[in-house]
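Below: the structure, in structure tokens.
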Amino acid sequence: MEKTQLIQKFNKQAAKYAKKRKKQEQNKWRKQIFQSVKGKTLEVAVGAGMNFAFYPKDIEYIGVDFSPQMIEQAKEAAREYGINAKFIISDVESLNFPENSFDTIVSSGSLCSYEDPIHVLNLFNQWCKEDGQILLMEHGLFSVPALAWLQKKLDNFAVKAIGCHQNRDILDIVKQSNLIINKHERAFLGYLYLIWANPQKIQ
């Protein structure tokens with residue numbers, strides 16, 4: 001799918017995501033992984049700011065999204081939750097942060113949309129400080145074979161409809177990257193992946 005088409009799809013969904021934001025305040029999975037956010041923080045594909053309810057107020061936050069409408073919703077969320085935030089309208093692959101820039105890098109529900117998710121994770125590896133953390137909450141293949149088969153069959157439809165791949169084994173993708181996995185959990189029959197990772201600085 002062309003990038004401009006993908007941006008348009010997410011622009012159209014921005015208001016819907018904003019309405020969901022309040023419901024996410026009690027999301028135990030988001031709370032479990034994102035309450036450990038600290039320091040200078042980068043969040044990619046910030047969307048409508050679903051995670052802001054769980055962030056400490058003292059972080060130095062930069063949020064990125066290629067959808068201008070999503071960024072507008074995220075700005076509103078940052079004001080609502082008291083997060084001192086800066087925002088960048090860009091796709092992640094076009095960003096050029098210096099190495100070792102961030103204490104925390106956050107991604108939730110973004111690995112489904114990248115053309116090359118391993119490359120994006122390796123960018124996280126570069127941008128994260130040596131003692132920093134990468135926190136991922138992603139959706140992917142079910143651990144139930146019959147459901148995973150159905151996801152694979154419907155993947156082309158999902159990409160065309162909402163710009164989102166359904167057929168990705170998130171844990172395997174992270175293992176192929178340069179990141180070091182500290183801990184991981186799965187929920188909802190394996191559909192939800194929670195991954196706590198650290199950068200691996202390659203000499």
Going through TYR61, TYR17 one at a time, which residue ends up being touching a helix residue (DSSP H, G or I) at 6+ places or on another chain (Cβ under 8 Å), among the aromatic types (Phe, Trp, Tyr) and farther than 23 Å from LEU192 by Cβ? TYR61
Is it the case that some residue within region 158-168 is over 18 Å from GLU43 (Cα atoms), open to solvent by less than 20 Å² (accessible area, probe 1.4 Å) and within 17 Å of the chain's Cα centre (by Cα)? yes
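To keep it simple, each residue is scored yes or no on (1) in contact with a strand residue (DSSP E or B) (Cβ under 7 Å, 6 or more places away or on another chain); (2) farther than 26 Å from ARG21 by Cβ; (3) small (Gly, Ala, Ser); (4) at pLDDT 95 or above.
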| residue | (1), (2), (3), (4) |
| --- | --- |
| ASP91 | no, no, no, no |
| PHE102 | yes, no, no, yes |
| GLU115 | no, yes, no, no |
| ILE118 | no, yes, no, yes |
| MET137 | yes, no, no, yes |
| TRP149 | no, yes, no, yes |
| ILE162 | no, no, no, no |
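Listed here are the residues, each with its yes/no results for (1) under 21 Å from GLU60 (Cα atoms); (2) open to solvent by less than 20 Å² (accessible area, probe 1.4 Å); (3) of a type outside the set (D, E, K, R).
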{"residue": "ALA74", "(1), (2), (3)": "yes, yes, yes"}
{"residue": "TYR81", "(1), (2), (3)": "yes, no, yes"}
{"residue": "ILE88", "(1), (2), (3)": "yes, no, yes"}
{"residue": "THR104", "(1), (2), (3)": "yes, yes, yes"}
{"residue": "TYR114", "(1), (2), (3)": "no, yes, yes"}
{"residue": "LYS129", "(1), (2), (3)": "yes, no, no"}
{"residue": "VAL144", "(1), (2), (3)": "no, no, yes"}
{"residue": "TRP149", "(1), (2), (3)": "no, no, yes"}
Checked against (1) more than 16 Å from the chain's Cα centre (by Cα); (2) open to solvent by less than 20 Å² (accessible area, probe 1.4 Å), TYR193 satisfies every condition except (1)
In region 131-140, residues that are open to solvent by less than 10 Å² (accessible area, probe 1.4 Å) and in contact with a Lys or Arg (Cβ under 7 Å, 6 or more places away or on another chain) total 1
Of the criteria (1) within 19 Å of CYS112 (Cβ to Cβ); (2) open to solvent by 10 Å² or more (accessible area, probe 1.4 Å); (3) not basic (Lys, Arg), which one PHE34 fails: (2)
So which of ASN100, ASN96, ASN122 ends up being open to solvent by 10 Å² or more (accessible area, probe 1.4 Å) and farther than 25 Å from CYS164 by Cα? ASN100
Flag if ASP116 is free of Cβ contacts under 8 Å to residues at least 40 places away in the same chain and farther than 23 Å from LEU42 by Cα: no
What are the residue pairs meeting all of these: first residue in region 19-33, first residue over 13 Å from ARG186 (Cα atoms), second residue of a type in the set (Phe, Trp, Tyr) and modelled with pLDDT of 90 or more, Cβ atoms under 7 Å, and 6 or more apart or on different chains? LYS31/PHE54
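The values are calculated or read from the model by the stated rules, or taken from the named source; none is laboratory data. Small disclaimer: the values here were computed from a predicted structure and weren't measured. Glycine also receives a Cβ, built like all others from the backbone with ideal geometry; neighbour counts cover every protein chain displayed. Surface accessibility is based on the protein's heavy atoms, side chains included, excluding ligands, DNA and RNA. Shrake-Rupley method; radii C 1.70, N 1.55, O 1.52, S 1.80 Å.
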